[in-house]
């Protein structure tokens with residue numbers, strides 16, 4: 001089954017914090033409303049951009065509940081649920097209240113550096129312990145471990161509930177090999193804002209985007225135009241936005257996103273250690289970009 005609603009533009013939502021470090025659920029609601037109005041196709045809660053490693057289990061459930069409630073069934077919700085301890089992930093599948101969640105986003109195990117067989121067995125265990133659709137997440141720059149195309153294709157062929165991958169290796173040749181060999185109904189989504197247009201051209205079907213938190217209309221327009229083959233129009237928007245996209249990551253994610261969201265009046269740029277706000281120099285560049293200077 002092809003999950004058409006999980007194509008297009010997904011947004012990897014930030015988790016806003018108050019000055020005292022508590023989660024700012026009002027700001028999260030405002031950001032969700034902003035992204036839905038901006039045209040995103042689905043929401044992703046508790047991903048990397050959400051600073052999920054710094055959240056307690058009750059906080060994670062509270063964030064997920066807010067996202068589901070605020071989305072109000074308008075668009076699907078994907079929940080990040082992964083880790084480098086397979087048994088712990090299986091435990092989380094039982095602990096989380098996943099009512100209202102369309103699919104799970106499960107990252108390649110980090111730090112442990114498993115072999116390709118170890119990666120396969122990790123996702124096999126998850127797939128066999130949930131009926132939820134699973135989106136694999138390959139991001140070797142963060143995990144230190146690259147899931148190769150043959151492993152992704154093997155998982156896609158062996159488990160009907162493994163329906164997609166967020167591919168963020170940044171290796172365009174690897175992406176081409178994956179798209180060439182994948183099953184027809186398996187969805188490949190970009191995990192890199194600045195590569196998404198090129199990746200759409202080789203056959204990806206959407207993105208899970210950081211930039212869509214703040215540059216929502218622009219990102220959804222780029223992806224929607226690419227889907228229908230209007231790459232000339234998509235390029236015009238993309239080249240206007242590329243500097244802004246790069247600035248989002250200049251001092252790390254989600255520091256740049258929260259800086260832009262502050263300038264848009266949607267949340268404060270409070271982060272949890274070990275992450276810190278962008279430098280004054282980066283904020284000045286972001287402000288200038290937003291003003292069109």
- Query: Can you give me the Cα centroid spacing of the stretch 9-70 and the stretch 132-170 in angstrom?
  - Reply: 23
- Give the relative contact order (percent, whole number) for the chain; include only Cα pairs under 8 Å separated by 6+ residues. 19
- Most exposed to least, judged by fewest other Cβ atoms within 10 Å, 276, 89 sort to 276, 89
- Sorted from largest down, what three extents in whole angstroms do the Cα atoms of the chain have along their principal axes? 51, 45, 35
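What relative contact order, as a whole-number percentage, does the stretch 111-242 give when Cα pairs under 8 Å and 6 or more residues apart are counted?
17
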- Query: Between 58, 183, 140, which gets the highest mean-square fluctuation from a Gaussian network model of the chain, Cα cutoff 10 Å?
  - Reply: 58
- Message: For 221, 193, 232, 158, which order do you get if you count the other beta carbons within 10 Å of each Cβ and list the fewest first?
- Response: 232, 158, 221, 193
- Working out 0.36 nm times the residue gap between residue 284 and residue 95, then minus their Cα-Cα distance, what length gain in nm do you get to one decimal? 63.7 nm
- CD proxy, 222 nm, the chain: helix-only mean residue ellipticity via -39,500 (n - 2.57) per DSSP H run with n ≥ 4, per residue, nearest 500, stands at -13500 deg cm²/dmol
- So what's the gap between the Cα centers of the stretch 184-198 and the stretch 266-293, to the nearest angstrom? 27
- What FRET efficiency, computed as 1/(1 + (r/R0)^6) with R0 = 41 Å and r the Cβ-Cβ distance, is obtained for residue 148 and residue 228, rounded to the nearest 0.05? 0.85
- Query: Say we join alpha carbon atoms closer than 10 Å with springs in a Gaussian network model of the chain; which of 250, 50, 164 then has the biggest fluctuation?
  - Reply: 250
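Using 0.36 nm per residue of separation minus the Cα-Cα distance, give me the extension gain between residue 242 and residue 125 in nm, one decimal.
38.2 nm
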- Item | Sorted by Cβ neighbour density within 10 Å, fewest at the top, the residues 238, 289, 123 | 289, 238, 123
- Would you kindly state how much longer the chain becomes between residue 160 and residue 235 on full extension, computed as 0.36 nm times their sequence separation minus their alpha carbon distance, in nm to one decimal? 23.5 nm
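Each reported figure results from applying straightforward, stated rules to the coordinates on display, with no laboratory input. Computed from a predicted structure; not experimentally measured. Methodologically, a virtual Cβ is constructed for each residue, glycine included, from the backbone with ideal geometry; neighbour enumeration extends over all protein chains shown.
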